[in-house]
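Remarks on the structure that follows.
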Amino acid sequence: MKAQLEQVPMCRDSSFLVREFNVPYFEAPLHFHPVFELTLITESKWKRFIGNHIGDFEVDDLVFMGPDLPHFYRCNPEYYAHNPEVRARAIIIQFSGDFLGSAFFSIPEMAAIQTLLERSRRGICYYGETRKTIIDKLKAIRYAEGVDKLTQLLQMLDILAKSPEYQLLSSHAYAGQNLKDTERMNKVYEFVMEHYKAVIQIGEVAALAHMSPSAFCRYFKKRTRKTFTTFLNEIRISNACKLLLEENLSVIEVCYECGFNNLSNFNRQFKAIMKVSPLQYRQQYVATQP
């Protein structure tokens, strides 16, 4: 699958985009674009890839990203099984850095927002009261028009700029113009997402990237800050958590369904990532149910 440079369409009646997505699953591969993007997930969950960050997302996940930062969201496997009961939904705002004029964010009153825009090149995840406030404003801006719509966006940027409730995601920005590099990581991610239940040899993944196994291992760790094996185990354990809570399967059945070939290794990897055993994880969930 080719890496995509997304050409963001702009509206004639607005200087920035407010878009809603209601789809079976998020289908965009690893991609980048020349605009800023504020993304709120309103339905769906699993993994997000932003720069060299790999992490979980769920409902109410709120991320602000700068231009040319490669990213994509991968839904839980059930979303790709033609299940009409699940949907992937999001509200997204996109705007160019000069949509209010080339010098607007350079004026003194915009100093905090200018800092925010620079920071966003690493991807920023918000939480706490900031997230709650922005969620309400994102839902309201869908129906705003004219100056009120523009004012609401500036208010949101001001809130994000002044908030301490955030986490930087990528260790540094990755230039989207590096098409070869973005395409390489896209192939690796897509392969793992489609084959994590099977035995995956490092050699076949390295071949996708046109590298030797040793060179690929160094490359992957530099890009993601974790080994390929750690990444693969995290994907498998993430799916195991879902199966333990939502399916009537034994622990050993979950083990093999998620791509582990023996129970002891599954238990060891699960505890290393989740800090409890698979059985304890299930019991803790059951104890919270009415």
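Where a number appears in this text, it was derived from the coordinates with a stated rule and is not lab data. Predicted model, so just to flag it, every value in this text is computed and none were measured. Ideal geometry is used to build each Cβ from the backbone, glycine not excepted, and the neighbour counts take in all protein chains shown.
Here are some notes:
- The packing ranking, built from the mean of other Cβ atoms within 10 Å per residue, places the peptides 18-24, 46-52, 194-200, 269-275 in the order 46-52, 269-275, 18-24, 194-200, highest first.
- Semi-axes of the equivalent ellipsoid for segment 1-147, computed as √(5λ) from the eigenvalues of its C-alpha gyration tensor and ordered from largest down, come to 26, 17, 16 Å.
- Highest-MSF residue in the chain out of 98, 13, 158 [GNM, Cα springs under 10 Å]: 13
- About its Cα centre, the chain has a charge dipole of approximately 960 debye under the convention of +1 per Lys or Arg Cβ and -1 per Asp or Glu Cβ, with nothing else charged.
- Mean residue ellipticity at 222 nm, helices only, the chain: -13500 deg cm²/dmol; runs of at least 4 DSSP H residues each add -39,500 (n - 2.57), and the sum is divided by the number of residues.
- Working from label points 7 Å from Cα in the Cα-to-Cβ sense, the residue 229 to residue 262 distance is 1.4 nm.
- Angle between the chain longest axis and helix 228-246 axis [Cα atoms, degrees, rounded to 10]: 80 degrees
- Greater than 25 Å apart at Cα, pairs in 221/275; 137/226; 187/221; 197/271; 137/162: 137/226
- Degrees, to the nearest 10: 146-162 long Cα axis against longest axis of the chain: 60 degrees
- Net length gained if the chain between residue 276 and residue 135 were fully extended (0.36 nm per residue, minus Cα distance): 47.5 nm
- FRET efficiency for the residue 145 to residue 242 pair, using the beta carbon distance and R₀ = 45 Å, is estimated at 0.65.
- Pair residue 23, residue 221: separation of 7 Å Cα→Cβ label points (nm): 3.5 nm
- The value of relative contact order for segment 196-288, using C-alpha pairs under 8 Å at least six residues apart, is 25 percent.
- Helix 213-224 axis, angle to the chain major axis (alpha carbon atoms, nearest 10°): 40 degrees
- Put simply, the C-alpha atoms of the chain give a gyration tensor, and the ellipsoid matching it has half-axes of 36, 23, 17 Å, longest first.
- Relative to the current alpha-carbon distance between residue 193 and residue 82, full extension at 0.36 nm per residue lengthens the span by 38.3 nm.
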